[in-house]
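Each remark here refers to the structure printed beneath this line.
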Amino acid sequence: MSAVHTRRVALRTAMLLLAGLALAGCQRGPTAAQREAAAQAQAAAQRLEQSQQELKLYREMLARKDIQLAASLGQQIEQMYPGTPAASAVARDLPALTAEAAQQAHARRLAALWDYQTGVPMEGGTQNTASINATRSDGTQGTIQLILRRHSAWGQSVYLYGQAPGFVCKGICRVPVSVDGGKPQGWAAYLPPTGEPALFIKDDARFIRLLEKSRVLEMRVDLKQGGTRMLKFEVAGFKPADFPVLPSKH
């Protein structure tokens, strides 16, 4: 039985019941039980009509590829109108739709962790940067950043940037870096001679190639104030196209 047919039957039943009560009322008036039955029939018909309107909107969102809103509407239909044809219609696809909506929301969250700046004037040149803050254990964003930089005069750099007094590193030090929970590998690093609270990674090109293929990078560093710190960077949302190479001057 189609949803349209079911809705028509419910409405016809409610109308017949109301008509019967009206006729009975001309004789002796409806009983309390009859009034209650009529009210329930009318409420059921209205509920069915509302569920069909929600189903129509749900299908419109699917057609527009608005997965987030479609999943939300589908869940609402199941919760508010159980047992209706509309609830049966969304039940078939809702688990997969909900999973896809969650995946999209996760991807948007990861992408939003990155900040991109392009064509910024900086000390006699122009620079493009992509930066991301470390993620704390509670999911909030920390104050130490991982920064990728391309400068028209200084070239390409990868470095950590935090609060003063900065990092501990004598000469060329080794920073343990693990990828997606793997075994840590030591990366050569050094402090900038100008004294900023930064720690530069020497092999910047290889590091960026590694980052582009990773979901999570973890780096263990020593701070001048605060001791050893494990930094977690959820880098999976990095978009290389938003960190363009600067045009050559030649």
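In this structure, does Thr194 turn out to be under 22 Å from Gly125 (Cα atoms) and loosely packed, with under 13 Cβ neighbours inside 10 Å?
yes
Return the total of residues in region 121-165 being farther than 24 Å from Glu212 by Cβ and open to solvent by less than 40 Å² (accessible area, probe 1.4 Å).
1
Matching residues to (1) more than 20 Å from Ala101 (Cα to Cα); (2) open to solvent by 20 Å² or more (accessible area, probe 1.4 Å):
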| site | (1), (2) |
| --- | --- |
| Gln46 | yes, yes |
| Glu49 | yes, yes |
| Glu54 | no, yes |
| Leu57 | no, yes |
| Arg64 | no, yes |
| Ala70 | no, no |
| Gly74 | no, no |
| Gln79 | no, yes |
| Pro82 | yes, yes |
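Would you mind telling me which numbered condition in (1) in contact with a Lys or Arg (Cβ under 9 Å, 6 or more places away or on another chain); (2) farther than 26 Å from Arg109 by Cα Arg229 fails?
(2)
When region 206-245 is examined, which residues are found to be open to solvent by less than 40 Å² (accessible area, probe 1.4 Å), hydrophobic (A, V, I, L, M, F, W, C) and more than 17 Å from Ser137 (Cβ to Cβ)?
Result: Phe207, Ile208, Leu211, Val235, Phe238, Phe243.
Of the conditions (1) part of a loop (DSSP other than H, G, I, E, B); (2) open to solvent by 60 Å² or more (accessible area, probe 1.4 Å), Gly182 clears all except one; give me its number.
(2)
Has region 94-102 got any residue that is touching a residue at least 12 places away in the same chain (Cβ under 8 Å) and in contact with a Pro (Cβ under 9 Å, 6 or more places away or on another chain)?
no
Can you pull out every residue in region 107-120 that is open to solvent by 40 Å² or more (accessible area, probe 1.4 Å) and in contact with a helix residue (DSSP H, G or I) (Cβ under 9 Å, 6 or more places away or on another chain)?
Hits for region 107-120 are Ala107, Arg108, Arg109, Ala112, Tyr116, Thr118.
Among the residues of region 230-250 satisfying the criterion of being farther than 21 Å from Gly162 by Cβ and of a type in the set (D, E, K, R), which is modelled with the lowest pLDDT?
Result: Lys249.
Using the structure shown, decide if Ala99 is under 24 Å from the mean Cα position of the chain (by Cα) and surrounded by 13 or more Cβ atoms within 10 Å (Cβ to Cβ).
Considered against the rule, which asks whether it is under 24 Å from the mean Cα position of the chain (by Cα) and surrounded by 13 or more Cβ atoms within 10 Å (Cβ to Cβ), Ala99 comes out as no.
The values are calculated or read from the model by the stated rules, or taken from the named source; none is laboratory data. A quick note: this is a predicted structure, and the numbers were derived from the prediction, not measured. We place every Cβ from the backbone using ideal geometry, glycine too, and count neighbours over all the protein chains shown. In case anyone asks, the SASA skips ligands and DNA or RNA and just uses the protein heavy atoms, side chains included. Shrake-Rupley method; radii C 1.70, N 1.55, O 1.52, S 1.80 Å.
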